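Report on one structure; see the data block that follows.
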Amino acid sequence: MNAVLLTIVVMIALCLLRVPVPIALISAALLGALHAGMDTTTAIGALNDNLLVGAQVGMTYVMIGAFAVAIARSGILDLFAQKIAARVGSDAQGTSKDLKWFLFAIFIFCSLISQNLVPVHIAFIPVMIPPLLAVFNRLRIDRRAIACILACSISFSYLLLPTGFGAIYLNEILMANVNDVGVAYDLSMTADMAPKAMFLPVMGIVAGMLVAVFITYRKPRDYVTDPSAENHINPAKPVSINPLQLLATVAALAVALICQLQFDSLLVGAMIGFVILAAAGIFRWRAQDDVFTEGMRMMAQIAVIITIASGFAGVLDATGEIAPLVQASAELIGDNKALGALIMLLVGLFITIGFGDSFASVPILAPIYIPLALALGFSPMATIALLGASAALGDAGSPASTITLGATSGLNADGQHDHVKDSVIPTFIHANFGMVLFAWIAAMIL
C-alpha cells in the first residue's frame with residue numbers, strides 16, 4: 001500500500017477514535033515512514049527537520065491570539081454579545097428567527113474580513129463565539145451549522161478575494177507555482193486569472209454552506225447552558241465602552257492592518273496593534289503579561305498542532321511516495337478528461353487532508369498536475385482551477401486544519417462541541433463535496 005495513503009488513513013482513523021490530534025499526527029507519520037522503508041531515526045529526523053516552519057506559523061498565531069484578547073479587553077465583543085442577548089425573546093418566535101439569521105450574517109461578514117480586511121485569520125472565533133453560546137442555546141441553534149458557516153466563509157474569502165491571505169494563496173503561491181512549472185509548457189498566469197478560475201469551485205463551497213444551514217442542521221438542537229454563561233444574557237453590570245477606548249481599538253486595528261500589508265507580516269502587525277492597545281490603557285500596563293499569556297493559552301493547541309502538522313507533511317514528502325501516488329492516478333486516467341479531472345481533485349483532497357494546509361499542497365501538486373492537465377487537453381484556465389481547487393480541498397475538514405481548530409476553540413468553550421464529530425466531519429462534508437462537483441464542472445467548461 002502506498003505509504004502516503006496509509007499515513008493519512010491511519011491519521012484520520014485515530015482522530016475518529018478520539019485520539020488527541022497531535023498524537024494521531026505523530027503516530028501516523030512514524031508508521032507511514034516505517035512502511036516506506038525509513039528507519040526510526042530517519043523518520044524522527046524528517047519530522048523534527050520540518051517543525052521549524054510550523055513553529056514560525058505557530059508563533060504568529062500566538063501573537064494574533066494576544067492581540068485578539070487585547071481587543072476583547074476593550075469590551076467591544078462583550079457589548080456586542082449583550083446587545084444580541086437583549087434581543088433574545090423567550091416567547092417571541094419571530095424575533096428569535098430574525099436574530100438567528102442576523103447572527104449567521106455577522107459570522108459570515110467577520111469570517112470574510114478576517115482573511116482580507118483585518119487579517120487575523122481564525123483568532124476572532126475563540127474571542128467572539130464563547131460569549132454568545134448562551135444565546136445560541138436559547139435560540140436552539142445547532143452549532144454544527146455555525147462551524148460550517150465559519151469554515152466555508154473563511155475558505156471562500158482566501159480562495160476568491162486577492163487581498164490579505166487571499167493575495168498570498170492566489171498570487172504568491174498559486175500564480176508563482178503555475179508560472180514556475182508552466183514555463184516549460186508555454187503556460188503563463190496573470191493575477192486576474194486566479195479569481196476567474198476559482199469562482200466556480202468556490203461557489204461549490206457556498207452551496208455546501210447553504211445545504212448545511214437550510215437542510216442538514218436546520219432542526220433545533222438542545223445544549224446545557226453553563227450558569228456562568230447566563231451572565232452574558234442577564235449581566236449583573238451592563239457593559240459600557242469609553243469612546244476613547246473605542247477610538248483606540250479602531251486605530252489599533254487600522255495600524256495593525258497597515259503594518260501587516262507594509263511588512264508582509266501578521267506577526268509584526270499583531271504585535272504593534274497589541275502595543276497600541278496597551279499604551280491606550282485598554283488594560284493596565286502591568287497586566288500585559290497576563291493578557292499575552294491568556295492569548296497564548298487560547299491559541300496554544302492550534303499552534304502546537306500546526307507545528308506538528310508541518311513535521312507530518314515533511315515525513316509524507318520524505319517517504320518519496322507522493323509522486324508515485326499521483327503518477328498511478330495519471331495511469332488510471334488514460335485519455336479520459338472527465339475521469340482525469342475527478343481523480344486529480346480527489347487525490348488533492350486526500351493529500352491536503354493530511355497536510356491540513358492548502359498553502360503547502362500547491363508546490364507539491366503543481367509539478368505533476370500542470371503537465372498532466374495540459375496533456376489531457378485542459379485549457380490554461382481549467383488547469384489553474386484544477387490545481388487551485390485540488391490544493392484547497394481538504395483544508396476545511398482536516399483534523400489538523402486551523403479552520404476546523406478555530407471553529408472548535410470557540411464552539412467548544414463549554415465542552416459541548418466535539419472537534420471531530422461536530423467540526424471536522426460536518427465541515428469536511430459541506431465544504432468539500434460541493435467544491436469537488438463545482439470544480440469538476442469548471443474544469444470541463446473553462
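The values are calculated or read from the model by the stated rules, or taken from the named source; none is laboratory data. These numbers were taken from a predicted model, which means no experiment stands behind them. Here the Cβ positions follow ideal geometry from the backbone for every residue, glycine too, while neighbour counts run over all protein chains shown. The area values use the complete protein model at the heavy-atom level, side chains included, leaving out ligands, DNA and RNA. Shrake-Rupley method; radii C 1.70, N 1.55, O 1.52, S 1.80 Å.
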* Ser228, sole failed condition from (1) modelled with pLDDT of 80 or more; (2) loosely packed, with under 15 Cβ neighbours inside 10 Å; (3) part of a helix (DSSP H, G or I) -> (1)
* Tell me, which helices (runs of 4 or more DSSP H) lie completely within the stretch 358-422 with 1 or more residues that are of a type in the set (Phe, Trp, Tyr) and open to solvent by less than 10 Å² (accessible area, probe 1.4 Å)? -> 358-375
* Structure fact -> When the stretch 143-166 is checked residue by residue, the ones that are open to solvent by 10 Å² or more (accessible area, probe 1.4 Å) and either of a type in the set (D, E, K, R) or farther than 23 Å from Leu405 by Cβ (or both) are Arg144, Pro162, Thr163
* Structure fact -> Going through (1) open to solvent by 30 Å² or more (accessible area, probe 1.4 Å); (2) modelled with pLDDT of 80 or more one by one, Glu321 fails only at (2)
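Modelled with pLDDT of 70 or more, closer than 30 Å to Leu51 by Cα, open to solvent by less than 20 Å² (accessible area, probe 1.4 Å) and within 29 Å of the chain's Cα centre (by Cα): is that true of Leu277 in this structure? Lay out the reasoning, then the answer.
Details: modelled with pLDDT of 70 or more: yes; closer than 30 Å to Leu51 by Cα: no; open to solvent by less than 20 Å² (accessible area, probe 1.4 Å): yes; within 29 Å of the chain's Cα centre (by Cα): yes.
Spelling it out, it is not the case that Leu277 is modelled with pLDDT of 70 or more, closer than 30 Å to Leu51 by Cα, open to solvent by less than 20 Å² (accessible area, probe 1.4 Å) and within 29 Å of the chain's Cα centre (by Cα).
Residues are listed down the side, and each one gets a yes or a no for (1) out of contact with any strand residue (DSSP E or B) (no Cβ under 8 Å at 6 or more places or on another chain); (2) touching a residue at least 40 places away in the same chain (Cβ under 8 Å); (3) more than 27 Å from Glu172 (Cβ to Cβ); (4) hydrophobic (A, V, I, L, M, F, W, C):
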site: Ile384; (1), (2), (3), (4): yes, yes, no, yes
site: Ala392; (1), (2), (3), (4): yes, yes, no, yes
site: Ala396; (1), (2), (3), (4): yes, yes, no, yes
site: Thr402; (1), (2), (3), (4): yes, yes, no, no
site: Gly406; (1), (2), (3), (4): yes, yes, no, no
site: Gln416; (1), (2), (3), (4): yes, yes, yes, no
* Which of the residues spanning the stretch 144-184 are among the small types (Gly, Ala, Ser), at pLDDT 80 or above and part of a loop (DSSP other than H, G, I, E, B)? -> none
